[in-house]
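Have a look at the structure below, then the notes.
The values are calculated or read from the model by the stated rules, or taken from the named source; none is laboratory data. Bear in mind that the values here come from a model prediction, so they are computed numbers and not experimental data. Because the Cβ atoms are built from the backbone with ideal geometry, glycine has one as well, and the counts that use them run over all protein chains shown.
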Amino acid sequence: MLKRSLLGVAALSAALVGGAASANAQQMSPVHFGVSAGASIPTGSGWGSGEKFWNTGYNVTGLVSLSSPTMPAGLRGEVMYHSFGAKNNTGVDDAHILAGTLNAVVQVPASGLNPYVIGGAGAYNLKAASSDVSDSRTKFGLNGGLGLKFNLSGFSTFAESRFHYVFDKDSDVGRPNLAFVPINFGLVF
């Protein structure tokens with residue numbers, strides 16, 4: 001009887017450990033999906049004088065990340081949309097950026113926190129529109145920044161800020177390169 005009870009306890013323990021290992025394996029998946037949103041702040045002199053003509057806007061981002069819990073570095077692909085409203089009477093109503101980026105994400109060891117450095121390159125479709133004119137072009141750009149990740153049960157959240165620099169210079173029309181800083185909060189599953 002004691003032998004059967006011990007076998008039953010061992011079988012139950014094995015089932016519980018196996019179930020926990022299966023749930024843990026799902027959390028350790030190398031592929032994660034996420035979303036983020038936040039403010040986009042124009043900087044520099046791009047698009048007619050940056051912060052002088054453009055209000056702080058908003059952004060939304062969808063992301064896919066590839067990372068391993070045993071490696072400090074991973075990859076993150078993103079599709080993002082930024083919108084800026086015009087200040088004063090500039091002749092342009094609003095500006096939008098639709099971008100796709102591929103970034104390296106490197107975890108920085110710290111006790112109790114999960115800071116990381118992120119940076120990469122991408123294609124940025126820039127569009128400025130008014131009631132009678134629309135200007136759209138796609139340019140190459142770079143980005144880099146810092147973030148903090150907070151692991152929760154089954155998902156994680158993050159807060160990050162990055163500097164985006166888009167090579168949009170056109171000397172013929174006096175247009176400099178474009179720069180902006182999004183500050184985002186997001187969820188990763």
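Just the residues that are hydrophobic (A, V, I, L, M, F, W, C) and at pLDDT below 95, please, taken from region 68-94. Of everything in region 68-94, those that are hydrophobic (A, V, I, L, M, F, W, C) and at pLDDT below 95 turn out to be 71, 84, 86, 92. Would you confirm whether any residue within region 114-131 is under 17 Å from residue 83 (Cα atoms) and in contact (Cβ under 8 Å) with a residue 60 or more places away in the chain? Within region 114-131, one or more residues are under 17 Å from residue 83 (Cα atoms) and in contact (Cβ under 8 Å) with a residue 60 or more places away in the chain. Here residue 154 clears all of (1) closer than 20 Å to residue 68 by Cβ; (2) out of contact with any Lys or Arg (no Cβ under 9 Å at 6 or more places or on another chain); (3) without any contact (Cβ under 8 Å) to a residue 40 or more places away in the chain; (4) not hydroxyl-bearing (Ser, Thr, Tyr) except the condition numbered (3). The set of residues in region 77-94 being surrounded by 20 or more Cβ atoms within 10 Å (Cβ to Cβ) and farther than 21 Å from residue 133 by Cα consists of 78, 80. Examine region 133-146 for a residue that is in contact (Cβ under 8 Å) with a residue 24 or more places away in the chain, surrounded by 13 or more Cβ atoms within 10 Å (Cβ to Cβ), under 26 Å from residue 29 (Cβ atoms) and not polar (S, T, N, Q), and state whether such a residue exists. Yes. Being of a type in the set (A, V, I, L, M, F, W, C), touching a strand residue (DSSP E or B) at 6+ places or on another chain (Cβ under 7 Å), farther than 19 Å from residue 37 by Cα and not in a strand (DSSP E or B) is a condition met by no residue of region 170-180.
For region 95-115, the candidate set comprises residues that are at pLDDT below 85 and either under 13 Å from residue 73 (Cα atoms) or touching a strand residue (DSSP E or B) at 6+ places or on another chain (Cβ under 8 Å) (or both); within that set, the residue that is surrounded by the most Cβ atoms within 10 Å (Cβ to Cβ) is 113.
Scanning region 121-144 for residues that are outside any strand (DSSP E or B) and of a type in the set (Val, Ile, Thr) returns a single hit, 133.
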